[in-house]
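Undergrad: Next up is a structure, given as structure tokens.
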Amino acid sequence: MPRPLIATIDIAALRSNLALAKARAPHSRAWAVVKANAYGHGLERGMRGFAAADGLGLIELDAAARLRELGWNKRILLLEGFFDASDPQLLAEYQLDTVIHCEEQLTMLEQARLQTKIDVHLKLNSGMNRLGFTPAKYRAAYERLRAIPAVDHISFVTHFANAEDPDNPVLPVQEQLRRFREATRDLPGEQSMANSATDLLHPGSAADWIRPGIMLYGATPGGQSAEQFGLRPAMSLSSEIIGVQHIVAGDAVGYGSAFVATGPMTIGVVACGYADGYPRHAPSGTPVIVDGMKTRMVGRVSMDMITVDLTPVAKPRVGSKVTLWGAGLPIDEVANAAGTVGYELMCGLASRVKVVEVN
Ligand SMILES: *Cc1c(COP(=O)(O)O)cnc(C)c1O
């Protein structure tokens with residue numbers, strides 16, 4: 001038998017979360033974002049769960065080609081564009097939409113002399129200072145794109161730095177919106193700017209296309225809980241207790257003896273560690289569920305195990321069921337306790353973890 005550690009991926013939850021994202025932006029079409037192996041859920045599962053999306057967005061060119069081989073025949077958008085002068089040929093071959101965010105990509109596209117047309121999405125740096133042309137250089141980039149015979153439709157995209165914190169004093173959402181509107185004024189073409197936080201908190205900025213990612217997997221970028229929005233967790237990580245220890249005051253648990261008992265307690269050892277994707281920096285107190293009871297992780301996270309406080313559990317034993325995150329324990333809650341975000345936990349699910357699917 002393999003270890004009892006299992007990630008359950010709920011395809012119906014993916015479907016339901018996409019429906020919710022679309023319902024929040026009823027006048028927009030949706031790129032369902034499936035980068036990073038569909039945020040750790042599996043590219044092919046993402047493709048099936050998001051069959052109702054108008055397109056799929058991702059970063060990896062090889063994964064985009066794989067989607068075509070798997071039979072996805074709607075649009076696919078490369079959210080960072082491409083990286084090499086040989087890539088545009090593949091974009092044409094696989095019929096991929098691409099973001100163009102810098103001069104170098106423009107030049108590569110000009111020089112590719114493609115025989116088949118492709119759609120491009122011109123990215124504005126509206127203040128995040130990650131990818132995109134500055135407002136001052138945006139029009140010139142647009143004119144260069146227009147002059148490329150193989151460029152079919154040109155769309156306009158930007159990305160918010162603070163959609164989950166709209167009144168951020170350094171860069172409010174409204175300021176990025178203003179810059180985007182100004183830079184694209186009079187330019188004919190579709191617009192897209194909304195990630196999950198924008199779709200959840202600023203439905204007015206949905207534009208022609210939304211680009212939800214994290215919400216489709218049943219987590220949120222911050223603020224209100226996923227459940228409050230009606231989102232369903234798509235990934236549940238579960239395991240079992242594989243060892244039980246009874247300790248007394250003064251006894252320590254695990255590496256570094258980082259947790260010391262102040263009274264008698266029962267410790268459960270769970271088959272799940274940082275080599276499975278559990279965050280190594282999760283401190284004592286990080287929530288975990290054993291046999292339906294919420295309790296806490298104690299001591300340091302090891303490579304293959306964590307240790308938990310079984311005091312609140314009625315009849316703890318080897319084989320007791322453990323939920324690390326997912327149904328019954330929001331991934332955002334675990335991430336928050338560990339000083340990270342649900343995104344990192346999902347994406348970090350290790351390949352050695354057995355995955356099962358429910359529909
Ligand atoms: C990842 C990504 C998204 C999705 O972001 P979420 O916060 O997961 O909703 C949207 N747009 C771009 C350009 C991205 O890279």
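The values are calculated or read from the model by the stated rules, or taken from the named source; none is laboratory data. Fair warning: this is a prediction, and the values are worked out from it, not measured in the lab. No Cβ is skipped: glycine too gets one built from the backbone with ideal geometry, and neighbour counts run over all protein chains shown. We work out accessible area using only protein heavy atoms, side chains counted, and drop any ligands, DNA or RNA first. Shrake-Rupley method; radii C 1.70, N 1.55, O 1.52, S 1.80 Å.
Undergrad: Using only the Cα atoms of segment 147-244, each taken as one equal point scatterer with no solvent, compute I(q) by the Debye sum, divide by I(0), and report log10 of the ratio at q = 0.11, 0.23, 0.25 Å⁻¹.
TA: Listed by q, the Debye log ratios stand at -0.45, -1.17, -1.28.
Undergrad: Further question on the same structure: Between segment 1-75 and segment 308-359, what is the C-alpha centre distance in whole Å?
TA: Comparing the Cα centres of segment 1-75 and segment 308-359, I get a distance of 22 Å.
Undergrad: Another question, if that's okay. Of the DSSP beta bridges with both residues in the chain, give the percent that are antiparallel, rounding to the nearest 5.
TA: Restricted to the chain, the bridges split so that about 50 percent are antiparallel.
Undergrad: Any idea what diffusion coefficient segment 285-332 gets from Stokes-Einstein, in µm²/s, Kirkwood Rh on alpha carbon pairs, 20 °C, 1.002 mPa s? Let's see the in-between values first.
TA: On the way: Rh = 11.1 Å.
The Stokes-Einstein estimate is 193 µm²/s.
Undergrad: Let me ask something else about it. Taking amide H positions as placed 1.01 Å from N in the peptide plane, with prolines and chain starts having none, which residues 5 or more places from Gly57, or on another chain, fall under 5 Å of its amide H?
TA: Ala32, Val33, Val34, Leu77
Undergrad: In addition: For the chain, with the dipole built from +1 on Lys and Arg beta-carbon atoms and -1 on Asp and Glu ones, taken about the Cα centre, which of Phe180, Ile100, Leu5 lies farthest toward the positive end?
TA: Value computed over the given set: Leu5.
Undergrad: Which of the residue pairs Lys22/Lys123; Lys22/Lys294; Lys35/Lys74; Lys35/Lys117; Lys35/Lys354; Lys35/Lys294 have a Cα-Cα distance greater than 27 Å in the structure shown? Mind showing how you got there, number by number?
TA: Details: Lys22/Lys123 23 Å; Lys22/Lys294 33 Å; Lys35/Lys74 16 Å; Lys35/Lys117 24 Å; Lys35/Lys354 20 Å; Lys35/Lys294 32 Å.
Checking Cα-Cα distances, Lys22/Lys294; Lys35/Lys294 exceed 27 Å.
Undergrad: Determine the share of the chain's accessible area contributed by carbon and sulfur atoms, expressed in whole percent, with a 1.4 angstrom probe.
TA: Details: 8220 of 15840 Å².
Roughly 52 percent, rounded to a whole number.
Undergrad: Amide H to amide H under 5 Å from Ala271: which residues, 5+ apart in sequence or cross-chain, H placed 1.01 Å off N in plane?
TA: The list, which skips near neighbours in sequence, is Glu240, Ile242.
Undergrad: Take the chain, drop everything but the C-alpha atoms, weight them equally and run the Debye formula without solvent; then report log10 I(q)/I(0) at 0.09, 0.11 Å⁻¹ to two decimals.
TA: Calculated log10 I(q)/I(0) at the listed q: -0.57, -0.78.
Undergrad: So which trypsin sites (Lys or Arg not before Pro) in segment 153-239 end up in coil per DSSP with only 11 or fewer other C-beta atoms within 10 Å?
TA: Sites meeting the loop and neighbour criteria: Arg185.
Undergrad: Okay, moving on. Evaluate the relative contact order of segment 11-219 (contact order divided by residue number), counting alpha-carbon pairs under 8 angstrom at least 6 apart; express in whole percent. It would help to have the intermediate numbers written out before the result.
TA: Details: 396 pairs, mean separation 44.6, N = 209.
The value is 21 percent.
Undergrad: Give the residue from His246, Asn336, Leu171 lying farthest towards the positive end of the charge dipole for the chain; charges sit on Cβ (+1 for Lys and Arg, -1 for Asp and Glu) and the dipole is referred to the Cα centre.
TA: Looking along the dipole axis, the top candidate is His246.
Undergrad: Something else now. Would you mind calculating the relative contact order of the chain from Cα pairs under 8 angstrom and at least 6 residues apart, reporting the percent as a whole number?
TA: Details: 812 pairs, mean separation 64.9, N = 359.
Computed over the chain, the figure is 18 percent.
Undergrad: Something else about it: Based on alpha-carbon atoms only, what is the radius of gyration of segment 11-219 relative to the globular estimate 2.2 N^0.38 Å?
TA: So the Cα radius of gyration is 0.98 times the expected 2.2 N^0.38 Å.
Undergrad: Using the Cα atoms of segment 1-105, I'd like the radius of gyration and the largest Cα-Cα distance, Dmax, both in angstrom.
TA: Every Cα atom of segment 1-105 included, Rg and Dmax give 15.3, 54 Å.
Undergrad: Can I ask one more? Could you report segment 235-358's accessible area per residue, 1.4 Å probe, as an integer in Å²?
TA: Working: 5610 Å² over 124 residues.
Spelled out: the 1.4 Å probe surface of segment 235-358, per residue, equals 45 Å².
Undergrad: Once you wrap a convex hull around the alpha carbon atoms of segment 235-358, what is its projected area averaged over all directions, in nm²? List each step's numbers first, then the result.
TA: Working: hull surface 28.2 nm².
If you wrap the Cα atoms of segment 235-358 in a convex hull and average its projections, you get 7.1 nm².
Undergrad: Hey, got the dipole for segment 11-219? About the Cα centre, +1 on K and R Cβ, -1 on D and E Cβ, debye to the nearest 20? Can you show the working numbers first?
TA: Working: 24 positive and 25 negative charges, 92 e Å.
Its charge dipole is roughly 440 debye.
Undergrad: Let me ask something else about it. If you place +1 on the Cβ of every Lys and Arg, -1 on the Cβ of every Asp and Glu, and leave all else neutral, what size is the dipole of segment 203-359 about its Cα centre, to the nearest 20 Debye? Provide the component values of the computation, followed by the final result.
TA: On the way: 11 positive and 12 negative charges, 45 e Å.
With Lys and Arg at +1 and Asp and Glu at -1, about 220 debye.
Undergrad: Another question, if that's okay. At 222 nm, what helix-only mean residue ellipticity would the chain give, in deg cm²/dmol to the nearest 500, using -39500 (n - 2.57) for each DSSP H run of four or more?
TA: After summing the helix terms and dividing by the residues of the chain, the value is -7500 deg cm²/dmol.
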